[in-house]
1. Order by neighbour count: HIS9, HIS132, HIS115, fewest other Cβ atoms within 10 Å first, most last.
2. Kindly write out, for segment 85-91 in residue order, the coupling ³J(HN,Hα) from the Karplus curve 6.51 cos²θ - 1.76 cosθ + 1.60 (θ = phi - 60°), rounded to whole Hz, with x marking Gly and Pro.
3. State the volume of the convex hull built on the alpha-carbon positions of the chain, expressed per residue in Å³ and rounded to an integer.
4. Return the calculated 222 nm mean residue ellipticity for the chain, to the nearest 500 deg cm²/dmol, obtained by summing -39500 (n - 2.57) across DSSP H runs with n ≥ 4 and dividing by the residue count.
5. How would you rank 86-92, 41-47, highest first, on the average number of other Cβ atoms within 10 Å across their residues?
6. Angle between the Cα long axis of helix 94-103 and the longest principal axis of the chain, 0 to 90 degrees, nearest 10?
7. Pairs of alpha-carbon atoms within less than 8 angstrom and 6+ residues apart define the contacts here; what relative contact order does the chain have, in percent?
8. Going by amide H atoms built from the backbone, whose H comes under 5 Å of the H on CYS32, apart from near neighbours?
Amino acid sequence: MTKVMIGNHAAVRVSRAERERIRGFYRDVLGCRLVRTFDDKDDFQLGDDYYVAFLYAGGSGVDVDRGVSYAAADVLSDDDFLKAMFLELKADDVDDMRRKIIASGVRVLDVPDPHLYFQAPGGQVFRLIGSHEDMSKYEGAE
């Protein structure tokens with residue numbers, strides 16, 4: 001059987017009005033590196049090898065993204081993002097990162113789980129865990 005895995009690039013369509021909040025959160029709170037900017041797109045590097053692009057509604061795209069739709073009609077509302085995919089962030093110092101994330105003013109979600117679940121600027125939902133935390137109970141391998 002062919003082996004399949006999640007790659008190290010992601011892209012999210014977001015409202016142009018959220019651009020400065022997104023930049024501030026991912027750069028200043030999470031410590032991501034803003035590696036490229038265009039009129040309608042920001043590319044961030046998380047850690048050593050994960051990249052996320054924020055596609056701002058209303059742009060026309062750039063050569064590397066030829067054919068990608070940046071239409072405003074394609075952007076999810078914050079409530080729609082709550083129904084979309086949840087992502088996981090790992091941190092070496094969970095308590096410090098938790099404080100930084102909450103202090104940034106994100107929407108903290110009430111989830112019956114000991115981890116911090118929050119909605120970042122732009123709408124994405126994350127769960128914060130420790131880098132070396134045993135997550136086997138979430139994998140069905142307790």
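1. Values: HIS9 11, HIS132 7, HIS115 18.
Placing the least packed residue first, the sequence is HIS132, HIS9, HIS115.
2. Going residue by residue, I get 5, 8, 10, 10, 10, 10, 9 Hz, with x marking Gly and Pro.
3. Details: hull volume 21.4 nm³, N = 142.
Enclosed volume per residue, from the Cα hull, is 151 Å³.
4. Details: 3 runs with 20 residues, N = 142.
Rounded to the nearest 500, the figure is -3500 deg cm²/dmol.
5. On the way: 86-92: 14.4, 41-47: 18.0.
Result, highest mean Cβ count within 10 Å first: 41-47, 86-92.
6. Value to nearest ten degrees: 50.
7. Numbers: 214 pairs, mean separation 30.8, N = 142.
Computed over the chain, the figure is 22 percent.
8. For CYS32, the qualifying residues are ARG27.
Read-outs throughout are calculated quantities, based only on the coordinates presented, and are distinct from any laboratory measurement. Please read these numbers as outputs of a predicted model, since none were measured by experiment. Glycine also receives a Cβ, built like all others from the backbone with ideal geometry; neighbour counts cover every protein chain displayed.
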